[in-house]
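The values are calculated or read from the model by the stated rules, or taken from the named source; none is laboratory data. Computed from a predicted structure; not experimentally measured. Neighbour counts run over all protein chains shown; Cβ positions are idealised from the backbone, glycine included. Ligands, DNA and RNA are stripped out before the accessible areas are found, and what is left, the full protein with its side chains, is counted by its heavy atoms. Shrake-Rupley method; radii C 1.70, N 1.55, O 1.52, S 1.80 Å.
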Number of protein chains: 6
Amino acid sequence: MRITVNRHAHFNAAHRLYCNDWDDATNENVFGKCSNPHFHGHNYELIVGITGEIDPKTGYLIDLKIVKDLIKSEVEDVLDHKNLNLEVEEFKNVNPTVENIAVFIYNKMKPVLGAKYDLTITLYETPRNFVVYKGE
Amino acid sequence: MRITVNRHAHFNAAHRLYCNDWDDATNENVFGKCSNPHFHGHNYELIVGITGEIDPKTGYLIDLKIVKDLIKSEVEDVLDHKNLNLEVEEFKNVNPTVENIAVFIYNKMKPVLGAKYDLTITLYETPRNFVVYKGE
Amino acid sequence: MRITVNRHAHFNAAHRLYCNDWDDATNENVFGKCSNPHFHGHNYELIVGITGEIDPKTGYLIDLKIVKDLIKSEVEDVLDHKNLNLEVEEFKNVNPTVENIAVFIYNKMKPVLGAKYDLTITLYETPRNFVVYKGE
Amino acid sequence: MRITVNRHAHFNAAHRLYCNDWDDATNENVFGKCSNPHFHGHNYELIVGITGEIDPKTGYLIDLKIVKDLIKSEVEDVLDHKNLNLEVEEFKNVNPTVENIAVFIYNKMKPVLGAKYDLTITLYETPRNFVVYKGE
Amino acid sequence: MRITVNRHAHFNAAHRLYCNDWDDATNENVFGKCSNPHFHGHNYELIVGITGEIDPKTGYLIDLKIVKDLIKSEVEDVLDHKNLNLEVEEFKNVNPTVENIAVFIYNKMKPVLGAKYDLTITLYETPRNFVVYKGE
Amino acid sequence: MRITVNRHAHFNAAHRLYCNDWDDATNENVFGKCSNPHFHGHNYELIVGITGEIDPKTGYLIDLKIVKDLIKSEVEDVLDHKNLNLEVEEFKNVNPTVENIAVFIYNKMKPVLGAKYDLTITLYETPRNFVVYKGE
């Protein structure tokens, strides 16, 4: 019996959209006010979806305390109240779009979860825009 | 890296559920108060999901300004503040159920997006009822 | 101990904004696409707030079953799945703006509740626009 | 044209997490305060997703009145305002985790819906934790 | 400059509605299935609103860390994952209606906050029913 | 007949909490990670509430197009996608707490609305924290 268990989490961060090998004019042309050199920011709302078999003994897919701790160590401690461009190694050379942040979270969490579980990252940049990434 | 980017939109419309080749009594019998000949209406909440590859340069799947403009020209300009049965060509002979409206939106947007992207239409008729259509 | 108990409800309706003693051009000029003669519609989300003293015996302000029945008889049976302009006596001469619909609901419910309770009507015309009316 | 129609519903219940063949200390060790022998409880929010072909005549996948009645008879009448451990036969020997409750709801509804429809059960135990089960 | 700062919190609990000096039949007659002797439960969603003057130095009304700690010690530690009737002294003789729980939370928090602040307790028993209590 | 009409809006911004006449250590001590010198950010969700008399002719309190334009010119054009500390004159010397931002929005909008209307600013810094300011 395969099931998906989902857990909400959230973090706040500043960022700007910016490609290193483009000049400022090109960046502003492509990314508009999202490229403001003084940064802007978001409340990122995260849904971590974990898929696998229900443990017949406990009735759990996975203990949510484990998921909570994992989200804390892999996501919140790294991204919360940070400037993504300046303070997160990954985004010094990678544009911190919501797409790339979702991939980053997936790549941080998947190895720790292991092959036993599939992982789906749903990430809201605003209440009106969100992405879904399954590592495919 | 395949990802889905989702964008919320919304429109308001009047409609009634009605099959042209049934008489009023049969329509009322099947559709109940949803068949009221004076119409009723809804705030339709729309989530447009677009799936494809992240552009390694920009970190975007697609520029959301393009999506926003597409939703405006293909959906909002056609359906917003309209009477679906009387003012939208498609629904003169097709019953404007939420299922059929979702298929209509898919069929309007998919050709413009092209083969590069998969499209998922999620359409809420009320906060309690919604459909998901992927063109399958 | 004065407390306010709130109950959510909802109804769907068609309407157009229209002043009887203005011609169509003036109506369209003032109300824009909300004045579409073919009507449009909304999911109205209603919060009925009732304020008074907690009954020391039951710990209730008022039995919510009474509130539910009252909302059904005074609001849902009258407005749900209706064309407000054509089918609701009140709105044949009164413009069915969200302001006027909230006042109408207040005026229907207040006499039945009596002097023992204060009443607050919160009415969402869309998830983005809402009014609050307290009969003041 | 395959589409998924979704309907929200809800029920309230008390439960405790508990494995019959473990002693109290082991249960508390594994399930923490969720194993409180005096029980705690939740507002379960349910989304029933039904997938199939749109009826070309009515434009419906399925009449939502049928879905509403089915949710009432198979889910609400069985689980609403109940103590899951003490009053629901299934959970006398099965731990009433949100995973197992979702499987239970699936197994109750699927045979009644028949082979014509696929079924997806989304069940929120809290606004922050939810599961998705598709009978796979 | 008086302002209100609001903080969301939540707790889960089991309860039954029950008046000690009524017999079971009367309780069931008045409270229906909410009086089930085996208990049912809810996710209570709490909004703590604190009103006062903005500190001109910090720009804070009050440090939200203080509010968070206060909610933990006065509300969550006392009510979360508890059976209100059996495990909370207050509700051994007082019916744990949402009205009475809101008053209880107010009475716990107000003395700690002191005369400097006004307090408003908004408590959702379900997403559809909630109360507001201001100690008036 | 006095009524309140509410309109949702939103803007994204970067900020840090910081008192000019404190050193960095004191700022970090008081504001914690909210004082990160590299900034963090939020999606601010705004509800503008306007109270006054319903116009008996139109049934409007105020035309929402006027409100929308006012929010755009006074709030969005000034704060959206900005670094509040660096790019908004007001917050060069005033700490951009959610309390102070709400007061700022009130002070920008109230003179334009005039004495005819009361104004209530509800501002969410995150989905879990919000303030209400009425200019009292």
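Distant-in-sequence amide contacts of C:ASN83, defined by a placed amide H-H separation under 5 Å and a gap of 5 or more residues or a different chain, comprise C:ALA14. Is the shape of region D:14-71 best called rounded, prolate or oblate, per the rule: a/c under 1.5 gives rounded, else a/b larger than b/c gives prolate, else oblate, with a ≥ b ≥ c the square roots of the Cα gyration tensor eigenvalues? Prolate, because a/c is 1.5 or more and a/b exceeds b/c.
Within the listed set C:GLU74, C:GLU125, C:GLU89, the residue fluctuating most in the Gaussian network model of chain C (springs between alpha-carbon atoms under 10 angstrom) is C:GLU89.
Counting charges near A:THR58 (Lys, Arg +1; Asp, Glu -1) among other residues having Cβ under 13 Å from its Cβ returns a value of -3. Annotation: A:GLU28 carries an accessible surface of approximately 130 Å², with a 1.4 Å probe and no ligand, DNA or RNA atoms counted.
A simple rule links phi to the HN-Hα coupling: the Karplus curve 6.51 cos²θ - 1.76 cosθ + 1.60 with θ = phi - 60°, which for region E:87-97 gives 10, 10, 2, 3, 9, 6, 10, 10, 5, x, 5 Hz, with x for Gly and Pro. Ordered by 1.4 Å accessible area with all protein chains kept, F:PHE11, E:PHE39 run largest first as E:PHE39, F:PHE11.
When only the Cβ of Lys, Arg, Asp and Glu is charged (+1, +1, -1, -1), the dipole of chain F relative to its Cα centre reaches about 500 debye. All C-alpha pair distances within region E:72-124, sorted into 10 Å bins from zero, spread as 23, 56, 19, 2 percent across the bins. Highest mobility in the GNM of chain B, judged by mean-square fluctuation with C-alpha springs under 10 Å and restricted to B:ASN20, B:ASN12, B:ASN107, is found for B:ASN20.
Excluding ligands, DNA and RNA, the accessible surface per residue across region D:19-65 is 43 Å² with a 1.4 Å probe. In the complete set of protein chains, residue-level accessible area for A:LEU64 is approximately 50 Å², probe 1.4 angstrom.
Label points for B:GLU90 are taken 7 Å from Cα along Cα→Cβ. From this copy to the others they lie 3.5, 3.8, 3.8, 4.3, 5.4 nm apart, shortest first. For peptide A:92-104, the mean count of partner chain Cβ atoms within 10 Å of a residue's Cβ comes to 4. A label point on E:GLU136, set 7 Å along the Cα-to-Cβ line, lies at 0.9, 0.9, 5.4, 5.5, 5.5 nm from each of its counterparts in the other copies, closest listed first.
At 10 °C and 1.306 mPa s, what whole-number value in µm²/s does Stokes-Einstein give for the translational diffusion of the protein assembly as shown, with Rh from the Kirkwood sum over Cα pairs? Here the translational diffusion coefficient equals 56 µm²/s. With the alpha-carbon atoms of region A:94-136 aligned to their principal axes, the span from lowest to highest coordinate is 32, 21, 15 Å, starting with the largest. The mean count of C-beta atoms from other chains within 10 Å of the C-beta of residues in D:110-117, rounded to a whole number, is 0.
Neighbouring Cβ atoms from other chains, within 10 Å of the Cβ of residues in A:120-131, number 4 on average. Kirkwood's formula applied to the C-alpha pairs of region B:1-41 gives a hydrodynamic radius of 12.7 angstrom.
For region E:76-136, the solvent-accessible area with a 1.4 angstrom probe is 41 square angstrom per residue. Near D:GLY49: Cβ cut-off under 14 Å, other residues only, Lys/Arg at +1 and Asp/Glu at -1. The net charge is +2. Relative to the other identical copies, C:LYS65 shows label-point distances of 2.6, 4.2, 5.0, 5.0, 6.0 nm, where the label point lies 7 Å from Cα along the Cβ direction and values run shortest first. Farthest towards the positive end of the charge dipole of region C:13-61, among the residues C:TYR44, C:ALA14, C:LEU61, is the Cα of C:LEU61, using unit charges on the Cβ of Lys, Arg, Asp and Glu.
Label separation (A:GLU89 vs C:LYS110): 6.6 nm, computed from points 7 Å beyond Cα along the C-beta direction. Computed with every protein chain present, the accessible area of C:LYS116 is close to 150 Å² [probe 1.4 Å]. For region F:35-46, the Karplus equation 6.51 cos²θ - 1.76 cosθ + 1.60, evaluated at θ = phi - 60°, returns couplings of 9, 2, x, 8, 6, 9, x, 8, 8, 7, 9, 10 Hz by residue, with Gly and Pro reported as x. Ligands, DNA and RNA left out, the accessible area of region F:40-136 computed with a 1.4 Å probe is 52% carbon and sulfur. Multiplying the residue separation of F:THR26 and F:SER73 by 0.36 nm and removing their Cα-Cα distance gives an extension gain of 13.3 nm. Per the accessible-area calculation with a 1.4 Å probe, the total area buried between chain A and chain B rounds to 1600 Å².
Can you flag which of A:LYS65/F:LYS92; A:LYS108/F:LYS72; F:LYS57/F:LYS108; B:LYS68/F:LYS65; C:LYS65/D:LYS108 are past 32 Å Cα-Cα? Among A:LYS65/F:LYS92; A:LYS108/F:LYS72; F:LYS57/F:LYS108; B:LYS68/F:LYS65; C:LYS65/D:LYS108, the Cα-Cα distance tops 32 Å for A:LYS65/F:LYS92; A:LYS108/F:LYS72. Where chain A is carried onto chain E by rotation, the Cβ closest to that axis, with its residue and distance in Å, is A:HIS8, 6. Charged neighbours of F:ASN93, selected by a Cβ distance under 13 Å, balance to -1 (K, R count +1; D, E count -1). Under 1.5 on a/c is rounded, so check that first for chain C, then, if it is not, pick prolate when a/b is larger than b/c and oblate when it is not; a ≥ b ≥ c are the square roots of the alpha carbon gyration tensor eigenvalues. In terms of gyration-tensor shape, prolate.
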